[in-house]
1. Please enumerate the residues belonging to region 70-96 that are closer than 20 Å to residue 55 by Cα and out of contact with any strand residue (DSSP E or B) (no Cβ under 9 Å at 6 or more places or on another chain).
2. Take residue 144 and decide whether it is more than 17 Å from the chain's Cα centre (by Cα) and outside the structural domain of residue 323 (by TED's automatic domain parsing).
3. Any residue at all in region 22-38 that is without any contact (Cβ under 8 Å) to a residue 60 or more places away in the chain and within 24 Å of the chain's Cα centre (by Cα)?
4. Residue by residue through region 296-319, note down the ones that are within 14 Å of residue 164 (Cα to Cα), assigned to a helix (DSSP H, G or I) and in contact with a strand residue (DSSP E or B) (Cβ under 7 Å, 6 or more places away or on another chain).
5. Just to check your reading of the model, which residue among 99, 197, 103 is touching a helix residue (DSSP H, G or I) at 6+ places or on another chain (Cβ under 9 Å) and outside the structural domain of residue 326 (by TED's automatic domain parsing)?
6. Any chance you could count how many residues in region 73-89 are under 21 Å from the mean Cα position of the chain (by Cα) and touching a residue at least 24 places away in the same chain (Cβ under 8 Å)?
7. When residue 204 is evaluated against the numbered criteria (1) assigned to a strand (DSSP E or B); (2) surrounded by 15 or more Cβ atoms within 10 Å (Cβ to Cβ), which criterion, by number, is the only one it fails?
C-alpha cells in the first residue's frame, strides 16, 4: 500500500510534503483567481459640448443622433444621458459585468464617429470624447486661498495647466475634471447698434475671426533652386494665431468706401477682453473662491489605492503652489 510506504519512511514523506508546499508557494501568485471579483457593471462615457445651446437644444441636436447610433452596442445593458444648460452633454453606457471594456470602447468610438455628420458644426469643433470611466466620483480636491488673493478663473486655469494632466496619468484614474470658472477665453461682446450701422451680421464677424485667426505658413527666402551666389536661406515668420485682445480688436471685418476705403475693425463693433470661457459656473469652498478638481476612477480600480496615489501626488505638487494657495 502507498500509505504504508510513507508511514515506514517519515523522512521521505516530510521531504515530499515540503517540496509540494514550496512549489505551491511559488506558483500561487500566478493562479487565475480573483480575490475581489467585479460586481459593478463597467461603464463607458461619451461627452461633448455645444457652446451657447440650451439643454433642450443639446438633447435634440446632440443626444438624439448619438443615442440612435450607439443604442444596442454589443453587451450593453442600458444607457443614460444628461443635457445641461451650459451646453454640455454626457452619455453613459453600462455594460454586463465581465465585458472587455477595451473592445467595447472601440465599438462605441466607431458608432459615435458614424454620427458626427449629423452633429452641429460647433460640436464637431469641440470634439466628441469617448472614455472608460466610473460614473461615481472618487474624490474632490479644492484649490483656495484664505485671504482671497486669487479669483476663480486663476484657480481653474492653474488646475487645468498644472494639475489636471499629472493627476490623469496616475494609475487607476479614469478622468479628471475641473469645476469652476473655466479656462481663459477671448470674449467678443458685440454691439447690435454698431453692427446695424455698418450693415454687418454676427456671421460676418465670425467669418472674419475664423479667417484671420489662423496659423500662417509664409515660406522661405533663398530656398533652392537659387543662384549659386545666394549665401543664405531664411524662414519667414508671420503672425499666426492671435494672442491678446489688441490683436483681436485689429481684425478687419469690412471695407467701406470706394477710391479711399475705410476699414471696419472688430473694435468698431464690439468690445474684446480676455476672460473666463463661461459665466454659468462658479465654485466655493467654506465660503472662499475656489476651483474643484474632481477625480473619477477607472472601472474595476481599487478606490483606496487610487485615492492614496492622488493624495500623494497632490501633496507633492502643492510644494509648487503660489504663496497663499491651499488645497
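The values are calculated or read from the model by the stated rules, or taken from the named source; none is laboratory data. On a predicted model such as this, the values are computed, not experimentally measured, just so you know. All Cβ positions, glycine included, derive from the backbone under ideal geometry; neighbour counts span all protein chains shown.
1. 85
2. Numbers: more than 17 Å from the chain's Cα centre (by Cα): yes; outside the structural domain of residue 323 (by TED's automatic domain parsing): no.
Against the criterion (more than 17 Å from the chain's Cα centre (by Cα) and outside the structural domain of residue 323 (by TED's automatic domain parsing)), residue 144 does not qualify.
3. no
4. 310, 314
5. On the way: 99 fails: touching a helix residue (DSSP H, G or I) at 6+ places or on another chain (Cβ under 9 Å); 103 fails: touching a helix residue (DSSP H, G or I) at 6+ places or on another chain (Cβ under 9 Å).
After applying the criteria, what remains is 197.
6. Adding up the residues that qualify gives 7.
7. (1)
Here's the yes/no breakdown for (1) crowded, with 18+ Cβ neighbours inside 10 Å; (2) within 23 Å of the chain's Cα centre (by Cα); (3) modelled with pLDDT under 90:
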residue: 276; (1), (2), (3): yes, yes, yes
residue: 284; (1), (2), (3): no, yes, yes
residue: 287; (1), (2), (3): no, no, yes
residue: 308; (1), (2), (3): no, yes, no
residue: 317; (1), (2), (3): no, yes, no
